Every structure is written in C-alpha cells, then in structure tokens.
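First comes the structure, then the notes that go with it.
FYI, it's all coordinate maths here, none of it is from the lab. Not measured: the values here are computed from a predicted model. Positions of Cβ are backbone-derived with ideal geometry, glycine not excepted, and every protein chain shown enters the neighbour counts.
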Amino acid sequence: MISLTNEAIRVIKERRSVREYLPKPIPKEILEDIVDCGRLAPSANNIQPWLFVVTTEKPIKEKIASLATYGKFIANAGACISVFCRKDAYHAIEDGCAATENILLAAKAYDIASCWVAGYNRPYSEAIRELLNVPEDYMLISLLSLGYSDKVVTRNKKPLKEVMRWEKY
C-alpha cells in the first residue's frame, strides 16, 4: 500500500466538492499558481487548447451563478475559474477536463475548497462565454468555484474492489 506521506496522493485522496465558502479573498498569486497548474495539464499532441478566465468580482460571480443550473453557490466563492477550450481541438473535452482536475488538485494543495460545475454543452454555456467576452471559437468546458471553507465534506466512495478489475471484467 502507498503511504499517505506522499503529498500528491494525500491531496488526491482528500479532495472533495465543497459548496460553502467563507467571505475571504484568495490572493492573486495563489490563483495564478493554481491556474498555472491547469496550464501544465497534458493535452492531445500538446495542443494546449485552453483558456482560463478567473473571476473574483462579486457581480460577475453572481451573474455566472444565476446562469449555471447547479452552480448557485458560485456567487459566494472567492473565485470562479471558467475553463474554455478551442472548438476545433480534436480532444478539447478531454484536454479541458485534464486541466480542470489539475486546478482542483492545486486548490486542495493550498487548502482551498472547490467544486466542479458542468460547463460543456449546457443550456447556459454560450451565455457564460458571452458574459466573459470569450471569443466564439472557444467553448466552455467547466466552471470551478474556489474558496476558503470551514466545512468538512465527507462522501462515501465506492470501494476499489467494486470498480476495478484485473485483465478482464
């Protein structure tokens, strides 16, 4: 068994979706480092088709929250990171999801809570792209709320033996 002394493994195993945040701003330098981790995600053929929009202004977060069907809590987050990818990138969804996960894990490493809100092909995707003035050749992949939180979220995850097989099913 791998020891939890490995920081990366600890971060992965402890990350949970959190939807309640304290009214405390996230320093710009931390947000930049978190997005930089998203930028370093793998992408097909190293195309790097992404664009990240970091929103910290309350009125814009409130507008995003009003548009996102299951993201009303974005209004109270310290920041919302919108992950976009070029529409012409052959693996845009996979690439954008890899960047999204890197951002979530980097946030956890900074003890910043987060939640992934669906963005791809949602009824509000175009409205958010337009709100953030992102060029038409990009599509929304995900919305990520980030913030400091005092909530402890526990979720039961399926046991490994239920979801893993060796060699064949």
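Going by average Cβ neighbours within 10 Å, how do the peptides 40-47, 145-152, 93-100, 28-35 rank, with the highest at the top?
Working: 40-47: 13.5, 145-152: 18.4, 93-100: 21.6, 28-35: 16.4.
Final packing ranking: 93-100, 145-152, 28-35, 40-47.
What order do you get for 7-13, 120-126 when each peptide is scored by the mean count of other beta carbon atoms within 10 Å, highest first?
Values: 7-13: 12.3, 120-126: 14.7.
Highest-to-lowest ranking by the protection proxy: 120-126, 7-13.
Quick one: grab Rg to one decimal and Dmax as a whole number for the range 68-137, Cα atoms only, in Å.
12.7, 35
Leaving out same-chain residues fewer than 8 places away, which lysines sit with a Cα under 18 Å from that of Lys13?
Lys108, Lys151, Lys157, Lys158, Lys161
For the range 42-169, taking Cα atoms only, what is the radius of gyration to one decimal and the Dmax to the nearest whole Å?
In Å, with Rg to one decimal and Dmax whole: 16.0, 52.
Relative contact order of the range 19-169, please, whole-number percent, based on alpha carbon pairs below 8 angstrom and at least 6 residues apart.
Working: 260 pairs, mean separation 45.4, N = 151.
Taking the mean separation of contacting Cα pairs over the length of the range 19-169, I get 30 percent.
Taking the radius of gyration and the Kirkwood hydrodynamic radius from Cα positions alone, what is the Rg/Rh ratio for the range 22-67, to two decimal places?
Numbers: Rg = 13.7 Å, Rh = 12.7 Å.
Ratio of gyration radius to Kirkwood radius for the range 22-67: 1.07.
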